[in-house]
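Peer 1: Input: one structure, supplied below.
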Amino acid sequence: MTSQDRTTPPQQQYAERSYRSPAALVGGVLLLLLGLWLGGDALLRGTTQTRVTALFALLLGVPLVVAFTLRPLVRAGEDRLTVRNPFRTVTLPWGAVEDLRATFSTEVLTSGGKYQMWAVPVSLRQRKKVSRQAARGAAPRPRFGQNADAGPVPRAMADQTLDELREIKERAAHRESARGEPVVRWSYAIIAPLAVGAVGLAVMLAL
């Protein structure tokens with residue numbers, strides 16, 4: 001067989017993974033509905049000053065709720081990790097990621113600093129529950145019967161997510177396309193109306 005007949009097997013492609021906090025999404029939607037109901041009522045039935053105050057309050061409140069509940073996202077691709085936080089988006093080539101850790105919050109560590117991942121919250125209550133299960137699982141159990149061993153104790157969700165991200169990072173370690181420097185972009189679509197609402201609301205309350 002000649003060299004022209006040889007074919008290089010294609011690299012295995014992996015689906016992009018996205019991570020969000022379900023509790024934050026549900027809470028954000030409920031807060032938005034409540035805020036729009038109260039603000040809409042003030043805009044329809046209030047006096048002129050009340051309407052202007054309500055408008056500025058919505059300009060402040062809606063972006064703030066969206067920023068901290070609906071916006072946070074972690075997206076893990078083959079070559080880079082995208083961390084979307086309340087006010088900025090950080091794009092990190094896997095080659096720039098030195099470590100991932102979860103203490104009181106989940107963080108990405110690079111040579112230039114660290115970035116918090118708002119979309120992957122750390123639940124201390126869940127960790128305590130898992131620790132209790134691990135302690136019970138450490139005791140020897142029979143293989144059959146009511147007290148039989150049910151298998152490995154599950155880990156907290158934040159720790160499971162970081163395990164998956166570390167696995168993706170290891171697969172990308174030797175790829176040239178996964179090298180580069182972190183890129184930070186500020187979310188002016190959130191910051192601008194929030195600033196206008198804060199200034200306007202402060203002025204209206206001072207009158």
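Peer 1: In the stretch 37-82, what count of residues is obtained for those that are in contact (Cβ under 8 Å) with a residue 40 or more places away in the chain and closer than 30 Å to Gln116 by Cβ?
Peer 2: So the count comes out to 25.
Peer 1: Let me ask something else about it. Which of the following residues is at pLDDT 95 or above, in a helix (DSSP H, G or I) and among the basic types (Lys, Arg): Arg51, Arg75?
Peer 2: Sole residue among the options that is at pLDDT 95 or above, in a helix (DSSP H, G or I) and among the basic types (Lys, Arg): Arg51.
Peer 1: If Leu32 satisfies every condition in (1) part of a helix (DSSP H, G or I); (2) modelled with pLDDT under 95 but one, which is the exception?
Peer 2: Against the list (1) part of a helix (DSSP H, G or I); (2) modelled with pLDDT under 95, Leu32 comes up short only on (2).
Peer 1: For the stretch 88-108, name all the residues that are closer than 18 Å to Ser21 by Cβ and open to solvent by less than 60 Å² (accessible area, probe 1.4 Å).
Peer 2: Thr89, Val90, Leu100, Ala102, Ser105, Thr106, Glu107, Val108, listed by residue number.
So that you can scan it fast, the table gives a plain yes or no per residue for (1) of a type outside the set (Ser, Thr, Tyr); (2) modelled with pLDDT of 95 or more; (3) not in a loop (DSSP other than H, G, I, E, B):
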{"position": "Arg141", "(1), (2), (3)": "yes, no, no"}
{"position": "Phe144", "(1), (2), (3)": "yes, no, no"}
{"position": "Arg155", "(1), (2), (3)": "yes, no, no"}
{"position": "Gln160", "(1), (2), (3)": "yes, no, yes"}
{"position": "Glu170", "(1), (2), (3)": "yes, no, yes"}
{"position": "Gly180", "(1), (2), (3)": "yes, no, no"}
{"position": "Val184", "(1), (2), (3)": "yes, yes, yes"}
{"position": "Ala189", "(1), (2), (3)": "yes, yes, yes"}
{"position": "Ala192", "(1), (2), (3)": "yes, yes, yes"}
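Peer 1: Taking the stretch 1-29, which residues are modelled with pLDDT under 85 and more than 17 Å from Ile168 (Cα to Cα)?
Peer 2: Correct list: Met1, Thr2, Ser3, Gln4, Asp5, Arg6, Thr7, Thr8, Pro9, Pro10.
Peer 1: Here is a further query. Would you pick out the residues in the stretch 84-104 that are within 17 Å of Gln160 (Cα to Cα) and either part of a strand (DSSP E or B) or under 11 Å from the mean Cα position of the chain (by Cα) (or both)?
Peer 2: First pass over the stretch 84-104, keeping only residues within 17 Å of Gln160 (Cα to Cα): 99-104.
Answer for the stretch 84-104, where residues must be within 17 Å of Gln160 (Cα to Cα) and either part of a strand (DSSP E or B) or under 11 Å from the mean Cα position of the chain (by Cα) (or both): Asp99, Leu100, Arg101, Ala102.
The values are calculated or read from the model by the stated rules, or taken from the named source; none is laboratory data. Note that this is a predicted model, so its numbers are computed, not measured. No Cβ is skipped: glycine too gets one built from the backbone with ideal geometry, and neighbour counts run over all protein chains shown. Side chains included, ligands, DNA and RNA excluded: accessible areas come from the protein's heavy atoms. Shrake-Rupley method; radii C 1.70, N 1.55, O 1.52, S 1.80 Å.
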